Every structure is written in structure tokens, then in C-alpha cells.
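Colleague: Could you have a look at this structure, given as C-alpha cells, before my questions?
The values are calculated or read from the model by the stated rules, or taken from the named source; none is laboratory data. This structure is a prediction, so every number in the text was calculated from the model and none was measured. With ideal geometry, Cβ positions are generated from the backbone for all residues, glycine too; neighbour counts draw on all protein chains shown.
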Amino acid sequence: MSENAPVDRLTCVLCPVGCELEVARDAAGGLDVKGNQCEKGIPFAEEEVLHPRRNLATSVPIKGTAARMVSVRLSGTVPREMLFPILAEIAKLRPEAPVRRGQVLIANVLGSGVDVVATRTVL
Amino acid sequence: MMRQKIDTCDVAVIGAGPAGLAAALGARRAGAGKVLLVERERTLGGILNQCVHDGFGLFLYKETISGPEYAERLAEDVAREPIKIETGAMVLDLSPARVLKINSRAGYRLVEARAVVLAMGCRERTREMIEIPGTRPAGVFTAGSAQNLVNLQNLRIGNQAVILGSGDIGLIMARRLVFEGVAVKGVFEILPWVSGLERNVRQCLMDFAIPLELGATVVEIRGRDRVESVVVAKVDDTLAPVAGTERVVPCDTLLLSVGLIPENELAKRAGIELSPLTGGAVVDESLMTSAAGVFSCGNVLHIHDVADWASFEGFAAGASAARFAAGEMPARETVRVSPGPHVKYALPQLLTRGTAGVEWSFRVTCPLRNVQVVVKGKATGKVYARKKFPRVLPSELQKIKVRPAVEEDLEVSCHE
């Protein structure tokens, strides 16, 4: 394996140009990003490779109404490794109707700084 | 003789998904008086309601939201207008004279519309349509029906799943099943490229180390009562399975994400010309079909990769329908627009002679880099528009605008 073997290839999604980035580990242990046509590509690639953040959407059973489920998501992104711990918290939820779109069902879930919010109004 | 009640309206919209909701709004905003919106489900929003993932609304609402939120916001806009909404109502027939036969909880009746917007969406290709050999056990689902069962009905569909096809719904369901504790053994795509969006490959497959194998397909389903395994094989350049490459993948569930088909039974009944390239109606720049006063938008016209574009098409079709209903759209002579090299289709397929400033949607046949897309006159060879793209993918609907007035048949082509 050569010293600068690519660790990841990804497409920058910050604008419609969609630069194809190649990320390699440099000699000092930092990241070497190639293929970016503007300077925004570098922090984009660094975050996506080193600390990827994701949103999360699922649905939970709801009581007291004909609809069986209310869909939920996070109010913002969290570090990717928090997805499964947060899913376990969401799995404990048993909201009762009425629930309104945007209603916070778990505030600051697991101290992540983001909320679990309903994405649908169920009356 | 049976007496039939006949209602009238200015614009009737069939289907209340992202395109139909927008069409009803577009019709009102363009001045239509009586607008009727007919939806066969009990709720508005169509397929958006089961698409709980985010990524919707980036173009329409300038923020990324989930499908149910997108549907609810659009439905709230509709509710603010005096639009007559009928849910749980099925349009059984449409005549070329724009008479709808509607069956609803209120009974059966006829509605005569001055203009009609088709927004019925699409449905999924099934196992039968791609002819997978083998037994016929339980456990074979289209990705969208699995999405409905999991997201809306809280059902567990299996324990070990294989996904055939790399369409977006299949990729999104791969992640959804992982969240539900289902082992996803792999995604197999017959083509040498992914048919879904790259974002979904990364966030739905790579994030969870789900294997993706291109150039491979399911050649047999095994199991008596329930799926027990599938046989996967590599395919050659003609997409035929290569003997000797078969391997057995144990699983109890097979999800199919192998394409969508516009749901045009009503258009066929009305004798509307359909395009074999899109599966939807042939339309002009106002989105009018071959039946005067009948317009089409969203996935029933052609398959979109982003809901927002289906809505934008809906706004445009609704506005055109309002103008037709008001008698502001006389019959005109059209020229034809056809796809050239590397272009699967270009839409609209018809253009009123002399029109300037129309934007075309098109899809390419295969992934290409550093291409130039050219819109050329077929008689004169005149170049009406050219646009460079660093790369184009079959999964991404692209746009090109033609500024000059057009007086001849056109061809849209893509060159490396």
C-alpha cells in the first residue's frame, strides 16, 4: 500500500458542481484532499471523513387515534455514532394523540443538542 | 334509465401527492374559480406520507424536511384556498371530453371539468414484470410496499433481507431495515451503475457497511412458504446471467427496487398519446396532453428523482389548466422534440411553433463525464442551446433552456 493511498472518495454536495473528492492520509497523519475546485471542499471532506454527521428519521406507534404511527426526525444532525443510541431512546416513546408537526418529543436527546420532533400532525 | 348527477368544475386535479397538491394551488393562483382535488387515499400527500426520511423541500421550501412535513405544508396551503378536496374518492374513468366518473363515499357521480390535471403518480415494477424464476413464497416485497408496512403500519417484514435494484427507495429501505434490526445482506444491481442518488449510497449503504454489488442480479428465489434464499449471479454486457457465477444468499426477505412506472390507466381510457420512452403522456410546453384541456405533471408524466420538481411541474400544469378553462389557450401548431445520442428522453416532446424561452427536462442513457448537451434544429442544423456538464448520470434529471424562438423540429443530444 502506497503512503498516500486514498482513504475515501466522495462527491462534494455544497453546490451543483459536485466536485469528486479524493481524500488521502498525508505523511503527517492529516488529510490530503484532491479534486476540489474551491476551498469549501476541504472542510467538507474533512468533516465527512473524520466526523460525519447525520440526521435520523423513523416512526413510532401512537396511542389514542386511528393512525398507527407518527413519523419523527431530529431537529439537526448528530455525530453518526449517535444514531443507534438515539434510536434506542426513540424506541421508548409512546406518544398520545394529538401530536403536532414540529412538536418536541424528546428535548436535547442524549445531550446531543438536538431534539426529536414529530414530522406529522396526528389528531 | 338511471339518472346521473352531473357536477361541473373549472379544473379537476386527479391525485393529491406532491404534483397534484401543487397543481390545485397553481390553478387557483392562476385564477381558476372552482377547483376540485380528488384523492383515492383517505389522507392528502400521496407517497410522501410514508417517506419519513429527510431530503425533501430543498428547492420548494429552501430547507430539508421529511416527506410527511412536505405533504402537510403543501396541504395547508391548499386548505387556505377555496379548493374542494375529496379524499377516499376514486376516478374510475376519464373521457376525452373531460367527463370524470368518480366513486366516493358520497356515491357515484359524473363531473364535467373545463380542464383536467393528471397527477396520479406511479407504481413500482414487480417480481412478475422482471420475471425472476423460482418458487412463490411469502417475503417478496416491492421496496415501497415494504416502506408502507414498516413506516405506517409498524410491521416487521423479516429478519434477513436482500435488496434487488439500487433505486432510491431500495437504498432508503436498506437503512430503514437496519434501524429496525433487520440484517441487510446486500444490494444487487444488474446495471454497471447505481440507479439511485449518490447521497443515498453513502448515507444508506456505506454508513452501515451494506455490500453493494453492481452487474449482478437475482436469478432464482427459493423457499416453500417463506423465502429461504436467493441465487445471485453476475451478468454479462447484454445483462444475461453468466453461468458458473451463481451463489446462494440465505435470507427470508427480498425487496425489489427495480423501477417505477407512471400510472396512466385513466390517460389510456381517454385515448391520450403516451410516450414509450417515459411511460407518461406526450405533452407540449404548457404540459397539455394530446387531449385538449387535459394536462399532466409529476410522476405520472415522467419519473422524478426529487419531489420538489414534481411540485414545480404541478404548479405549471395547474396554471395552464386554469388558462385553458378560461378559454385563453387556443389550439396551435406544434413542432416535435426528440432525443438524440445518449439522451433517453427530453420533455416536453411538443412545442408550439415560434415559442421562445422554454426549459427542457432530460435524462441521459448512461453516466458520462465532461459532456456538452446540444439542442439542434433538425431541418437547419441550427444550434438553439448548448450547455456543459462536468458529469451526467441517468439517475439525475437535468435541465436545459432554449432562449430563441423555435420554428422547426428539435433534437436534444449529449456529446463527450
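Colleague: For B:Asn154, work out the one condition from (1) over 23 Å from B:Ile303 (Cα atoms); (2) crowded, with 21+ Cβ neighbours inside 10 Å it doesn't fulfil.
Modeller: So the condition that B:Asn154 fails would be (2).
Colleague: Another question, then. Output the number of residues of the range A:63-76 satisfying the condition of being surrounded by 13 or more Cβ atoms within 10 Å (Cβ to Cβ) and more than 10 Å from chain B (Cβ to nearest Cβ).
Modeller: 2
Colleague: Could you check the range B:124-148 and list, in sequence order, the residues that are out of contact with any helix residue (DSSP H, G or I) (no Cβ under 7 Å at 6 or more places or on another chain) and surrounded by 15 or more Cβ atoms within 10 Å (Cβ to Cβ)?
Modeller: Result: B:Arg125, B:Thr126, B:Arg127, B:Ile130, B:Ile132, B:Gly134, B:Pro137, B:Gly139, B:Phe141, B:Thr142, B:Ser145.
Colleague: Can you name the strands (runs of 3 or more DSSP E) wholly within the range A:1-64 that have at least 1 residues being in contact with a Pro (Cβ under 6 Å, 6 or more places away or on another chain) and more than 30 Å from A:Leu105 (Cβ to Cβ)?
Modeller: The strands (runs of 3 or more DSSP E) meeting that bar are A:20-25.
Colleague: Checking B:Leu177 against (1) closer than 26 Å to A:Glu20 by Cβ; (2) out of contact with any Cys (no Cβ under 8 Å at 6 or more places or on another chain), only one condition comes out false. Which one?
Modeller: Result: B:Leu177 fails condition (1) only.
Colleague: Please pick out the residue among B:Val201, B:Val248, B:Val258, B:Val235 that is within 25 Å of B:Leu118 (Cα to Cα), touching a Ser or Thr at 6+ places or on another chain (Cβ under 9 Å) and either touching a residue at least 40 places away in the same chain (Cβ under 8 Å) or not assigned by TED's automatic domain parsing to the domain that holds B:Phe312 (or both).
Modeller: B:Val258
Colleague: Provide a single number: the residues in the range A:87-123 that are surrounded by 17 or more Cβ atoms within 10 Å (Cβ to Cβ) and within 11 Å of chain B (Cβ to nearest Cβ).
Modeller: Of the residues in that region, 8 qualify.
Colleague: Here's something else I'd like to know. How about the range B:215-230: which of its residues are in a loop (DSSP other than H, G, I, E, B) and over 29 Å from the mean Cα position of the chain (by Cα)?
Modeller: The answer is B:Gly223, B:Arg224, B:Asp225, B:Val227, B:Glu228.
Colleague: Something else: If I filter the range B:1-40 down to residues being among the charged types (D, E, K, R) and at pLDDT below 95, which single residue comes out as surrounded by the most Cβ atoms within 10 Å (Cβ to Cβ)?
Modeller: Here the answer is B:Asp7.
Colleague: Now for a different question. Given the conditions (1) more than 20 Å from the chain's Cα centre (by Cα); (2) of a type in the set (Val, Ile, Thr); (3) within 11 Å of another protein chain (Cβ to nearest Cβ), report the number of the one that B:Val52 does not fulfil.
Modeller: Checking B:Val52 against (1) more than 20 Å from the chain's Cα centre (by Cα); (2) of a type in the set (Val, Ile, Thr); (3) within 11 Å of another protein chain (Cβ to nearest Cβ), the one that fails is (1).
Colleague: Just give me the residues in the range A:18-35 being of a type outside the set (Gly, Ala, Ser), more than 13 Å from every other protein chain (Cβ to nearest Cβ) and surrounded by fewer than 20 Cβ atoms within 10 Å (Cβ to Cβ), in sequence order.
Modeller: A:Glu22, A:Arg25, A:Asp26, A:Leu31, A:Asp32, A:Lys34
Colleague: Regarding the range B:249-269, can at least one residue be identified that is buried (at least 21 other Cβ atoms within 10 Å of the Cβ) and in contact with a Pro (Cβ under 8 Å, 6 or more places away or on another chain)?
Modeller: The answer is no; no qualifying residue exists.
Colleague: From B:Ala24, B:Ala97, grab the single residue that is more than 11 Å from chain A (Cβ to nearest Cβ), over 30 Å from A:Val116 (Cβ atoms) and under 20 Å from the mean Cα position of the chain (by Cα).
Modeller: B:Ala24
Colleague: Out of the residues in the range B:58-71 that are surrounded by fewer than 22 Cβ atoms within 10 Å (Cβ to Cβ) and either touching a residue at least 12 places away in the same chain (Cβ under 8 Å) or within 17 Å of the chain's Cα centre (by Cα) (or both), which is farthest from the other protein chains (Cβ to nearest Cβ)?
Modeller: B:Leu60
Colleague: Which of the residues spanning the range B:283-315 are aliphatic (A, V, I, L, M), under 28 Å from B:Ser195 (Cβ atoms) and either out of contact with any Leu (no Cβ under 6 Å at 6 or more places or on another chain) or buried (at least 24 other Cβ atoms within 10 Å of the Cβ) (or both)?
Modeller: B:Val283, B:Leu287, B:Val300, B:Leu301, B:Val306, B:Ala307, B:Ala310
Colleague: May I ask you to verify whether B:Arg202 is outside any loop (DSSP other than H, G, I, E, B) and under 22 Å from the mean Cα position of the chain (by Cα)?
Modeller: No; evaluated as a whole, the condition is false for this residue.
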